[in-house]
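The values are calculated or read from the model by the stated rules, or taken from the named source; none is laboratory data. Please read these numbers as outputs of a predicted model, since none were measured by experiment. Cβ atoms come from the backbone with ideal geometry, glycine included; neighbour counts cover every protein chain shown.
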Amino acid sequence: MKEKFKLSLITENDRAWYRFFENRDFFEQLITNKEIIVSSTELKKFGEREPRLMAKIDTREELPSIFRKFNISLLPIQNKQYLLFIDDSKSLFYEFPTLHAPVITKFANTAVLNLETLQERHISSESKALDFAYIASILKTFTGENNLWLTIRGRQYSNKFDLIIPALDRSHTISSTQIEVDAGYESDDSIYLVEAKMGSRSNFNVRQLLFPYLNWASKTKKRVVPVFFTFSNGIYTLHEFKFSNILGDTNIIRSSSYALADSEITFQNLTEVFKQCPENEIHNPRVPFPQANDINKVIDTVTVIDQGINSKNELAGHFEFDPRQADYYANAAMFLGFIKRGDEVFELTEIGKELAQETSRAQRVLKIFNRMSKIRVLRPIIQQFLSNGMDEQSIDYSSFIRNLEEFYSLRKTTPQRRISTVKTWLIWIKEGLS
């Protein structure tokens, strides 16, 4: 089967689902009928892995290889029962629109300055990020509610509700399936259900919000509002969604990002940092040139390694992407000098420890720019960037391509793809200015 379908079995779930479909005639039934219902007992017996782990597919990147190959989707439909179905439209996942950077609303931090037991730089979980956002009135600002109380948190079993699945051209009854709400806030006339993530996401499995939404909509007369929340490098981003009982009928109503008031940095600060780099510290790192466009996630990677999440698989699980992406972002952090490879795990360097402990977003921007300025292949690019009014599009990248070929042995179309990484880093620096 593996050879026949040319499957790559990289993750534990890749291998578990391969074992499951290799047994009996599950795969033939699914392809023929477009759907099958399986039990957690069958998943554990034939997949040889805990069903809850096999069913944890929160992003496209976490899809098992056989799911990606044949557009297989999975939904829990009852306690210990799952529906597997073919969905060519891939309606189970919502892809966020591509944005260069969020619009950040500066938010006064007077309410949280004196807290000792909950500090922003020590936020290590979704619940802490939500609690901090609540105390700082970020949630009240986004919702526009003066009266907002935390009333829901954790796992529970759902009521009965119907979900229309267009891929099957019919509805399916969902009942007594386990749902989890990271936080639910009630106001005088609304209930806000929040799915929270550490680190930004490019997509998510809508079941995480859709099932709690349909469950509570069936139980209350108040307006139910689903909200997707992320915390990344000191930025709190919230998206309000609109759902119906049709799988795939998913729309963003509005989005906002917030950050606590911070110190200011200017173009002059960048110029001084660039000019003051000692010649003996300018070098080309002896690690592969990075292919990680999201600098916030590079910083998040350094932060969570400081918190003990320090192996490739642990990083992949924390950020809900595949191990290759964990390697990309860890490699970018190594390229910038913030981490190093230990015997079995990643370790922070001294400057990595400084970055992890830095409380100011503005100062983190300067630390990133300082490290970029000390990389020889990047200096000509940065020189042009500073000279042309920080217009990354007007930079001549021809010498950069030659340097990548010489120092990093990159050929063909690969240097062009690395230009994309450099551009996104420069945009991030520019948008970090006051």
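List of remarks:
- Residue 20 more than 19 Å from residue 208 (Cβ to Cβ), assigned to a helix (DSSP H, G or I) and modelled with pLDDT of 95 or more: yes
- Flag for residue 282 being touching a residue at least 60 places away in the same chain (Cβ under 8 Å), β-branched (Val, Ile, Thr) and buried (at least 22 other Cβ atoms within 10 Å of the Cβ): no
- On inspection, residue 31 qualifies as over 19 Å from residue 179 (Cα atoms), surrounded by fewer than 16 Cβ atoms within 10 Å (Cβ to Cβ) and either free of Cβ contacts under 8 Å to residues at least 60 places away in the same chain or not assigned by TED's automatic domain parsing to the domain that holds residue 175 (or both).
- Among the residues listed as 200, 255, 171, the single one being of a type in the set (Ser, Thr, Tyr), in a loop (DSSP other than H, G, I, E, B) and either in contact with a Leu (Cβ under 6 Å, 6 or more places away or on another chain) or not assigned by TED's automatic domain parsing to the domain that holds residue 301 (or both): 200
- Just so you know, in segment 51-90 the residues that are part of a loop (DSSP other than H, G, I, E, B) and of a type in the set (Lys, Arg) include one that is farthest from residue 14 (Cα to Cα), and it is 80.
- Being buried (at least 18 other Cβ atoms within 10 Å of the Cβ), in contact (Cβ under 8 Å) with a residue 24 or more places away in the chain, assigned to a helix (DSSP H, G or I) and over 23 Å from the mean Cα position of the chain (by Cα) holds for only one residue in 355, 270, and it is 270.
- Residues that are assigned to a loop (DSSP other than H, G, I, E, B) and in contact with a Ser or Thr (Cβ under 7 Å, 6 or more places away or on another chain), drawn from segment 219-249: 222, 247, 248
- Flag if residue 105 is in a strand (DSSP E or B), within 22 Å of the chain's Cα centre (by Cα) and more than 30 Å from residue 19 (Cβ to Cβ): yes
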